[in-house]
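Below is one structure; the comments refer to it alone.
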Amino acid sequence: MKGKQIQSKDKHIHQLAAIVANTRSILYKKEDLLAYDCDGFTIHKHLPKAVVFPKNTKEVAELVRYCCQNELPFLARGAGTGLSGGAIPLNGEVIISLVKMKNLISVDLENRRAVVEPGFVNLKLTNSISDKGYYYAPDPSSQSCCTIGGNVAENAGGAHCLKYGVTTNHILGLEVVVPTGEIIEIGDNGIPDAPGYDLLGLITGSEGTLGIVTKITVRILKNPEAKQTVLAYFDDVTDGSQAVSAIISAGIIPAALEMMDKTAIEGVEAAAFPVGHPKNIAAVLLIEVDGISAGIEEQINQILSVCRQFNVRDVKVAQDEQERSRWWANRKTGFGAMGAISPDYLVQDGVIPRSKLPEVLERINQISEHSGLRIANIFHAGDGNLHPLILFDAKIPGETEKALEAGSACLQACAEVGGTITGEHGVGIEKREEMRFVFNEEEIAAQTTIRSVFNPVNLLNAGKLFPSPGKCVEIKMEKKAAIL
Amino acid sequence: MIIEGGGTKKGFGGLVEHADICLSLKDYKGIVEHNPGDMTITLKAGTSYLEVQNYLAGFNQMISLDPFANEHTSIGGVIAANDSGPKRLGYGSARDAVIGMRLVYPDGSLIRAGGKVVKNVAGYDMNKLFIGSMGTLAVISEITLKLRPVANYQSLVLISFPAGNLDVIKQFVVTVLDSLMEPITLELLSPTLAAKLTGRREYTAAIQFEDVESSVHYQTTYLENLKPEGGTFTILQQEDANLFWQAFYDLYPGLNAENKTKSAALKVGLKNMEVLELLEVTERLESGQIHLLAHGGLGHGISQVYLYGESDRILSAIQEIRKLTSAKGGYAIVKHLPFSERLKINIWDESPSYFFLLKQIKAKVDPNNILNEKRYVGGI
Ligand SMILES: Cc1cc2nc3c(=O)[nH]c(=O)nc-3n(C[C@H](O)[C@H](O)[C@H](O)COP(=O)(O)OP(=O)(O)OC[C@H]3O[C@@H](n4cnc5c(N)ncnc54)[C@H](O)[C@@H]3O)c2cc1C
Ligand SMILES: Cc1cc2nc3c(=O)[nH]c(=O)nc-3n(C[C@H](O)[C@H](O)[C@H](O)COP(=O)(O)OP(=O)(O)OC[C@H]3O[C@@H](n4cnc5c(N)ncnc54)[C@H](O)[C@@H]3O)c2cc1C
């Protein structure tokens, strides 16, 4: 064993350290564990038992088996940027961090795929293949630090998912250590539609509750020949929202179609990447089209004419790549930018049918007035994915609770118009109870039944994703029993 | 209980001759909800796939799938069997199009999966379990799909390779794939299949473009400049392209009454470029005793092979093809074969190493094994 001696009386710590064969690959002292008591969802905190850093699949499997045999709760962690608390060790878990498994294993341009370890950072993949004209499509705003393993767990989306799809549409194969310690390989060689139920699709987005992903085969795409980016300013949010629907109804699928409202604009303009959006504007749309150069102009003209139809105040087409990058930096750092105008903020993540945008924005406005908290809206408008950012000050007693309540009310508004409670950030701890807005007890039971196939003892990431079983199940069962 | 949609896949799976109940969804049809502005549609499972596509065309919208379908084919059957054709390259497959389902579980409970919005990560992505499950887990009662606008313009380019040199074909395909063009299909037809569709018994690439008109012309011109020596170059525009694809889908043996016996169909999965090797094998197997038609997507790796002849010839040809797929880590699923022959072969090819999980999923969801007994992988 290399490095310092383990200073712990806990035999498990010694055993876990032996598996990763390096005392520097384990953290167990309180001061070291503090950095792992939460992820991007900072409202809940809990200390893990230990954090281990395996270097390969075999070590992951051994760690999992050890935890199983000794009934130690455990969970996987990537970069810890998750926004719903998925990586928070609620039960004092052993955290299996994948950040040391960060290799790009292979790139196969001919067959358009790449194989990566789970700790490989999202943006690095595009950076590694861009010189050959290729890229990896899912682009969460956190892409410069989040891991592809974490993306698979959360089925992460991004601004360009409107045209190209979210993570699940780009995963061809996974190697997974299931919670009992077996290593399984799904989609060997990245060939689609392998015979059998689609475990690839099931595990993607399962928020680290069905297994630990140790290798990922992803689809890579050729860069589009041309891109064109437009900013459109509206004096009225409803006009802006209607323009969004009208653009897509006109048969154009933009690569990205993003929207920010007045409060959000105030934030991004006060932060690190201001681009000079007018101050008194109600909404800005950031629209990007890409594809074959010969077709771009026709699409841009169509978009401009739709915007005019909905009383756009001003439209600008990016003059060069530099300007385009500045617009995107302004948008992609939008969440963090709220720090410039508020001590704390809570990011929400509802989805609605696009046509309900005006109605739901009005509801969010009312929620804001009712709670007395400002709410900024940044969203992937093209696919109806709203990110209301609730601005609050945790130092004021009661305000955190108010913010959580307002966030929940926003999700309820989304659910009520036929939408859902999360489009890309996941349920985690944060939205467990809100699952009831969209699923009844039987439907939740159908999902936990699937979990029990993979995770029979529920040692892996327990307490996430599903609400605590409610009374109504028991009542229903009693009723059934009475009938029988 | 066996579940029947349009009944166009009777030759697919199914090893049990008797059932207590045949649950037909033929009459359970219709549009539950279509929101043109949101570009989503909810359908009852028995709805005719082609009827919906015709209806949606009136809104310039479409379901972005291209299964081998005729007027009987139901949307439920397409999704339950996870059927897809060459346009999968540009459109994606059922797992990319389905956003929600309403299911009847074997215990009779009604369970919703997914929802009505295009982006959704609330809970597990349960839709995925039922897509391609051949009705072995639940009866699909409703399906919600995201739609795609119909492109303004389409052209299909057919390029033939008379010399039949696979290296030349590969070079051509790699160049197209590495270019900035955005084909919707990049399907290679075996010489025998091309003979049926174009009258030329030569390897032929079928490359479709769908976009605004200027972009389509730009791309077909690009291809014209790339065409191989001696090869023919044909462009079929707009409706002509549709007619070609119609004839193409109609060849699928399951749809073709006169071909139903003494015929078989395979769905083969390989890495993209290995499709070339598959077509080489099918070309080699062609003889007086057995006739094979094949095509494969060089951008997605899924191929179909149709075989015609006496059953022992068909079965031995399937074994030959499986030699290739197993050496490459791919698979060959038998999509169509008469009942008596199905018992002689493993329809679903080898079960995956994680079969224990599949078996447990079936056991938990359908503990009494009520639905579509032995229709699926490994006897599920
Ligand atoms: C500023 C900011 C912007 C963001 N923007 C976006 C956005 O645009 N789109 C978007 O979708 N998300 C966004 N996110 C959320 C977050 O970045 C994503 O959810 C990301 O996928 C998490 O990756 P991670 O490596 O940080 O995972 P972690 O936070 O470490 O883990 C997330 C979950 O995945 C599980 N997990 C991690 N690795 C594995 C593995 N190898 N196997 C199994 N389970 C695993 C964990 O147990 C946990 O439940 C943003 C976050 C921030 C902070
Ligand atoms: C009275 C009668 C008795 C029959 N008895 C038998 C018998 O004993 N044994 C036998 O093998 N065949 C029997 N058949 C034939 C049977 O119809 C087909 O074998 C088959 O089960 C259904 O047709 P299909 O696969 O062509 O359907 P398709 O619509 O093409 O469906 C393809 C697959 O998807 C499934 N599926 C379709 N729609 C749904 C849905 N909405 N939800 C879930 N799954 C779906 C199907 O079960 C099938 O596995 C009988 C038919 C009739 C009319």
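State the number of residues belonging to the range A:345-383 that are within 15 Å of the chain's Cα centre (by Cα) and part of a loop (DSSP other than H, G, I, E, B).
So the answer is 2.
Do we find that B:R148 is more than 7 Å from every other protein chain (Cβ to nearest Cβ), more than 16 Å from ligand 1 (Cβ to nearest atom), surrounded by fewer than 24 Cβ atoms within 10 Å (Cβ to Cβ) and basic (K, R) in this structure?
yes
Would you point out the residue of the range A:179-209, among those that are of a type in the set (V, I, T) and under 22 Å from the mean Cα position of the chain (by Cα), that is nearest to the other protein chains (Cβ to nearest Cβ)?
A:T204
Looking at A:V166, A:V244, which is the one that is more than 16 Å from ligand 1 (Cβ to nearest atom) and buried (at least 23 other Cβ atoms within 10 Å of the Cβ)?
Sole residue among the options that is more than 16 Å from ligand 1 (Cβ to nearest atom) and buried (at least 23 other Cβ atoms within 10 Å of the Cβ): A:V244.
Give the residue, chosen from B:L276, B:L243, B:L186, that is farther than 26 Å from A:S293 by Cβ and open to solvent by less than 20 Å² (accessible area, probe 1.4 Å).
B:L276
If I filter the range B:110-127 for residues that are among the aromatic types (F, W, Y) and away from every other protein chain (no Cβ under 13 Å), do I get at least one hit?
There is no residue in the range B:110-127 that is among the aromatic types (F, W, Y) and away from every other protein chain (no Cβ under 13 Å).
In the range A:1-59, how many are under 23 Å from A:E117 (Cα atoms) and among the charged types (D, E, K, R)?
5
Does the range A:218-238 contain any residue that is within 14 Å of ligand 1 (Cβ to nearest atom) and more than 9 Å from every other protein chain (Cβ to nearest Cβ)?
yes
Let's see how each residue does on (1) within 13 Å of ligand 1 (Cβ to nearest atom); (2) open to solvent by less than 20 Å² (accessible area, probe 1.4 Å); (3) among the β-branched types (V, I, T); (4) out of contact with any Lys or Arg (no Cβ under 7 Å at 6 or more places or on another chain):
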residue	(1), (2), (3), (4)
A:K58	no, no, no, yes
A:C67	no, yes, no, yes
A:A76	yes, no, no, yes
A:A79	yes, no, no, yes
A:G85	yes, yes, no, yes
A:V94	yes, yes, yes, no
A:V99	yes, no, yes, yes
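Could you tell me how many of the residues in the range B:279-296 are in a strand (DSSP E or B), of a type in the set (A, V, I, L, M) and surrounded by fewer than 24 Cβ atoms within 10 Å (Cβ to Cβ)?
1
Show me the helices (runs of 4 or more DSSP H) entirely contained within the range B:1-108 in which 1 or more residues are surrounded by fewer than 21 Cβ atoms within 10 Å (Cβ to Cβ).
B:49-57, B:88-91, B:94-97
I'd like the full set of residues that are among the hydroxyl-bearing types (S, T, Y) and more than 23 Å from the chain's Cα centre (by Cα), limited to the range B:169-210.
B:T175, B:S179
Out of B:E341, B:E277, which single residue is among the acidic types (D, E), in contact with a Ser or Thr (Cβ under 8 Å, 6 or more places away or on another chain) and either within 14 Å of chain A (Cβ to nearest Cβ) or more than 24 Å from B:R200 (Cβ to Cβ) (or both)?
B:E341
Would you point out the residue of the range B:348-366, among those that are touching a residue at least 40 places away in the same chain (Cβ under 8 Å) and open to solvent by 10 Å² or more (accessible area, probe 1.4 Å), that is nearest to the other protein chains (Cβ to nearest Cβ)?
If we take residues in the range B:348-366 being touching a residue at least 40 places away in the same chain (Cβ under 8 Å) and open to solvent by 10 Å² or more (accessible area, probe 1.4 Å), then B:W348 is nearest to the other protein chains (Cβ to nearest Cβ).
Name the residue, out of B:A94, B:A138, that is closer than 25 Å to A:I220 by Cβ and either in contact with a Cys (Cβ under 8 Å, 6 or more places away or on another chain) or within 12 Å of ligand 2 (Cβ to nearest atom) (or both).
The conditions single out B:A94.
The values are calculated or read from the model by the stated rules, or taken from the named source; none is laboratory data. Keep in mind that this is a model prediction, so the values were computed, not measured. Quick reminder, even Gly has a Cβ in these numbers, built from the backbone with ideal geometry, and neighbours come from all protein chains shown. Just so you know, the surface numbers come from the protein's heavy atoms only, side chains and all, with ligands and any DNA or RNA stripped out. Shrake-Rupley method; radii C 1.70, N 1.55, O 1.52, S 1.80 Å.
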